[in-house]
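The structure appears right after this line, and notes come after that.
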Amino acid sequence: MKDYKNITERNILDPENTPSATPFRKENFNYSSGWLMYQGYHHDTKKWFNIFIARFKYSQGPIGASAMKTELCKNHSIEKYATELTNGETPMGYFKKFAPEFYAKKYASYKTRMMKKYPEMNSRIWDAE
């Protein structure tokens, strides 16, 4: 597992100037009151940094905090995620764009769950896609 020696404040937001992509570490995530944050340490600047990952406004959404943490740790880098969110991408938009198979699988499961829970709304919501 890589440490954070190569991360600087500049290359957190500029993946092209980063020597290598820094993977997420599961133990550095913090979930509190519906907010998922990531905390890391800059060895060069000797400062801690926090990155917003996602807000879980409702308890039932297509992607939960646990699934999001797992996907980020397995397949994504801190620099890429931070850059995309800084450039205006939403957390769900990020997964649609950079992890389409993961997003499609989670969304299909969510759709099935909601169709069972709210059968009267099926035609209005799901047929509009």
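Quick note: the coordinates plus some simple rules give every number you see, no bench work behind them. Not measured: the values here are computed from a predicted model. Here the Cβ is made from the backbone with ideal geometry for all residues, glycine too, and neighbour counts use every protein chain on show.
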**Report entry** the range 39-112: trypsin sites (Lys or Arg not before Pro) in DSSP coil with no more than 11 other Cβ atoms inside 10 Å
**Finding:** K46, K57
Query - Under 18 Å from K117, Cα to Cα: lysines that are on another chain or at least 8 residues apart - result: K106
Report summary line: Taking a crude spin-label model, label points 7 Å out from Cα along the C-beta direction, the K26 to C73 distance in nm is 0.3 nm
Query raised in the report: Which value results for Rg/Rh of the range 36-90 when Rg is the Cα radius of gyration and Rh the Kirkwood radius based on the inverse mean 1/r?
Result: 1.00
**Report entry** Additional length obtainable on full extension of the chain from M37 to Y58, 0.36 nm per residue less Cα span
**Finding:** 5.9 nm
